[in-house]
Structures are given as structure tokens and as C-alpha cells.
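Report on the structure given below.
The values are calculated or read from the model by the stated rules, or taken from the named source; none is laboratory data. Just so it is clear, the model here is predicted, and its values are computed rather than measured. A quick note on method: Cβ atoms are made from the backbone with ideal geometry, for glycine too, and the neighbour counts reach across all protein chains shown. The area values use the complete protein model at the heavy-atom level, side chains included, leaving out ligands, DNA and RNA. Shrake-Rupley method; radii C 1.70, N 1.55, O 1.52, S 1.80 Å.
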Amino acid sequence: MDKLYKEIIIEGDLYASILDPSHAKEGLDFLTGDNAFLQVGTWNYKKGHKLEPHYHNEFSRESTITCEGIFVVKGKVKCTLYKKNKEKIDSYVIHEGQIMFQFFGVHEYEIEEDSIVVEIKNGPYFGPEKDRTRVEI
């Protein structure tokens, strides 16, 4: 992947983003817009750089959808994206060291090699019965 960031936009909706952090720009670089339910950025600093001590203020935030990210630590995972009407968008192979975030629509995974994956979601989590809907494709 030559690009740090690939957006998959269908009919004006951001369905997913694929990131390759090894190509991060220098400094702090946020790759999602301020209104995204999941904020994604990269750090690329030289040895000795210090980030000032800080904490994050408490605010009431409303999330109306769960966004999901996967970071492939080892292996290879194929993610297929669909519209909610089950129309296939495309399949994307996420390689070791890459990250994919799904913001909208239907997604499924196929493990193509023995893999270790870190999953990231916005919370709180209310359990599988309330959080997701299974779709037969």
C-alpha cells in the first residue's frame, strides 16, 4: 500500500478507511474528521520528543453507531464490505502492520493466514444482542 490512508466512500457515506502506519507523516496526524465517531491518528516523532503531560476532559458524547477497527499484528485478513441492502461493495486484504476501520455498512472477515488481530471499538458496549445485527449474504 503506497498511501497512508484510503477512504472507501459509497454514495457520500464513509464506509471504511485503511491505514498503513509505517507511512505516517512526521508529527501528529489525525486521519479522521472531527465528527467521526472513532478518532484515528498517527504519531511520528523523533527520539527525545516529549508530549506535554495532559488529561482529557469529560464531556457528554452521543454515539449512534458502533465503529470497529482491526489492527493486523500478524498474518492477513480479508474484509468484505456491503451496503445494508446486502449489495457487495468490494473486498480488501489487510496485511500485517495495517489497520482498517469500518464506520458504516456491513462487514465480514476471512482469516487468510494464521493471524493475531487487535480489535478497537467505541463504547460503551451493550453486548452482541443489542450491539449488532447478523446478516445472511
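General observations
- Placing R0 at 41 angstrom, the Cβ-Cβ distance between Tyr55 and His95 gives a FRET efficiency of 0.70 after rounding to 0.05.
- For the listed residue pairs Lys6/Lys86; Lys50/Lys83; Lys46/Lys84; Lys50/Lys78; Lys6/Lys74; Lys46/Lys83, the alpha carbons are over 32 angstrom apart in Lys50/Lys83; Lys46/Lys84; Lys50/Lys78; Lys46/Lys83.
- Candidates Tyr109, Tyr125, Tyr82, ranked by Gaussian network fluctuation over the chain, Cα under 10 Å, top entry: Tyr125
- Listed residues Glu26, Glu87, Glu62, most fluctuating in the chain (Gaussian network, C-alpha, under 10 Å): Glu62
- Candidates Gly41, Gly27, Gly12, ranked by Gaussian network fluctuation over the chain, Cα under 10 Å, top entry: Gly12
- Solvent-accessible heavy-atom area per residue, rounded to whole Å², over the chain at 1.4 Å: 73
- Value in Å of the Kirkwood radius, where the chain supplies the Cα pairs that are averaged: 16.5
- Taking a straight line from the alpha carbon of Lys47, these lysines sit under 25 Å away, with near neighbours fewer than eight places off in the same chain left out: Lys3, Lys25.
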